[in-house]
Amino acid sequence: MDLISDTPALRDVCARLAAQPFVTVDTEFMRETTYYPKLCLIQMAAPDGTAVLVDPLAKGLDLKPFIDLMADESVVKVFHSARQDLEIVWLLGEILPHPFFDTQVAAMVCGYGDSVSYEQLVNDVAKAKIDKSSRFTDWSRRPLSEAQLAYALSDVTHLVKVYEALVADLLRTDRGAWLDEEMAVLTSPETYRADPAEAWRRLSGRMRKPREIAVLMEVAAWREAEAQARNVPRGRVLKDEAVIDVASAAPRSVEALGRLRTIPAGFERSRTGADILAAVDRGLARDTAEIRLPERVRRSGGNGALVELLKVLLKAVSEAEGVAPKIIATVDDLEAVADDDEADVPVLQGWRRGLFGEKALALKHGRLALSAQAGRVTVRDLPPPDA
């Protein structure tokens, strides 16, 4: 199993793959010590039996033929749990594969459960076993071992059968359109543009006051920009717990910053400490009237029992329809429905509304009942109150 390490060979194999109806793709990368992923290996396979490994670390290798293949509209690009792979493609060429298919998302629609693993799908669909011993090896070291290469290649060769089986299942159940919304999110450039100004949203769930959110916005934006500039993980700049502590306490002095338990001793007197205090000042200077609290914080929180009933309904519907609950609705969606019949959430739109949203509203308004029968939850309509 030789690695493709020169541009002419890559160009030739990508030309062959471009003649196929679909190509399965995977990558191996490292990002433990960096903000951006370091691409270490590219794997591709096709239904004609072609299976190749590409060494992006090879000196002088131009990955343009690979980027062109990812942009080729005549070839479906198939990934499993594609988000990080698509981020890599975006960083390489500022394009996203299209047309595109994520077998993990499709498997959820086809009843394989939430976030089903590749190994489980291969076992269930391709009736094969994958040796996972090389999964967490150092993919940046050269030469790669035969075991690493075999493991990497299996990630795309078995995916051919998995894709074909899932497509057949989607055609049989007429659920292909159900994937469109999820695929649209994955193939949106906004998903992969790490805007520092939006970094606060990852941590906003613990914030309850506009002033805290205002400081969080500035501190999180500073940390994100710093991590990007230094190409180090966010936690290397400042850990999440420290960002939250700073946003909550809003220290205005070196001494106040140093008193926070999550700030390492002496850190407050460094250049980074000064940057944090400056970010706090910017946050406190924001007009809190313009701060819009996250939706889940704005809700009254008085519908806890109803939300629990909606969770039971969701589980019952997902089991009956053979669809993973996660693909139908999130807990945030259920909380929104409990709070507002007209909530702007996916579960009250499109196919999700027909499958679950209408039932959720009926349960909320006493037109539907849940009961247990033979160890299973059953759902039944209730007669109108005046019947």
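The values are calculated or read from the model by the stated rules, or taken from the named source; none is laboratory data. Everything quoted here is computed from the prediction, not taken from an experiment. With ideal geometry, Cβ positions are generated from the backbone for all residues, glycine too; neighbour counts draw on all protein chains shown. When the accessible area is computed, the model is the full protein with side chains, heavy atoms only, and any ligands, DNA or RNA have been set aside. Shrake-Rupley method; radii C 1.70, N 1.55, O 1.52, S 1.80 Å.
Annotations
- Complete set of residues in segment 157-172 that are among the aliphatic types (A, V, I, L, M) and buried (at least 19 other Cβ atoms within 10 Å of the Cβ): 159, 160, 162, 166
- Filtered by the rule that a residue be open to solvent by less than 30 Å² (accessible area, probe 1.4 Å), in a helix (DSSP H, G or I) and in contact with an Asp or Glu (Cβ under 9 Å, 6 or more places away or on another chain), segment 4-16 gives 7, 10, 14.
- Qualifying residue in segment 159-174 (condition: closer than 19 Å to residue 28 by Cβ, modelled with pLDDT of 95 or more and under 20 Å from the mean Cα position of the chain (by Cα)): yes
- Residue list for segment 110-139, filter: among the acidic types (Asp, Glu), open to solvent by less than 60 Å² (accessible area, probe 1.4 Å) and within 23 Å of the chain's Cα centre (by Cα): 119
- Scanning segment 174-187 for residues that are touching a residue at least 12 places away in the same chain (Cβ under 8 Å) and not acidic (Asp, Glu) turns up 175, 177, 178, 179, 183, 186, 187.
- Any pair with Cβ under 8 angstrom, 6 or more apart, that starts in segment 194-213 at a residue that is small (Gly, Ala, Ser) and ends at one that is open to solvent by 100 Å² or more (accessible area, probe 1.4 Å) and not in a loop (DSSP other than H, G, I, E, B): 205/296
- All conditions but one from (1) modelled with pLDDT of 95 or more; (2) open to solvent by 30 Å² or more (accessible area, probe 1.4 Å) apply to residue 296; the one that does not is (1).
- Selection count where residues are open to solvent by 50 Å² or more (accessible area, probe 1.4 Å) and either assigned to a loop (DSSP other than H, G, I, E, B) or under 26 Å from residue 373 (Cβ atoms) (or both), scope segment 342-362: 6
- Tallying residues that are assigned to a helix (DSSP H, G or I) and either closer than 17 Å to residue 43 by Cα or free of Cβ contacts under 8 Å to residues at least 24 places away in the same chain (or both) within segment 110-126 yields 6.
- Residue 362 passes every criterion in (1) out of contact with any strand residue (DSSP E or B) (no Cβ under 6 Å at 6 or more places or on another chain); (2) in contact (Cβ under 8 Å) with a residue 12 or more places away in the chain apart from (1).
- Members of segment 174-199 found to be of a type in the set (Lys, Arg) and surrounded by 13 or more Cβ atoms within 10 Å (Cβ to Cβ), listed by number: 175
- Residue 324 being buried (at least 18 other Cβ atoms within 10 Å of the Cβ), of a type in the set (Gly, Ala, Ser), farther than 30 Å from residue 214 by Cα and touching a residue at least 60 places away in the same chain (Cβ under 8 Å): yes
- If only residues of segment 200-232 that are among the aliphatic types (A, V, I, L, M), open to solvent by 10 Å² or more (accessible area, probe 1.4 Å) and farther than 15 Å from residue 288 by Cβ are counted, the one that is modelled with the lowest pLDDT is 203.
- Segments classed as helices (runs of 4 or more DSSP H), wholly inside segment 26-109, with at least 2 members that are open to solvent by 20 Å² or more (accessible area, probe 1.4 Å), under 21 Å from residue 159 (Cβ atoms) and touching a strand residue (DSSP E or B) at 6+ places or on another chain (Cβ under 8 Å): 83-93
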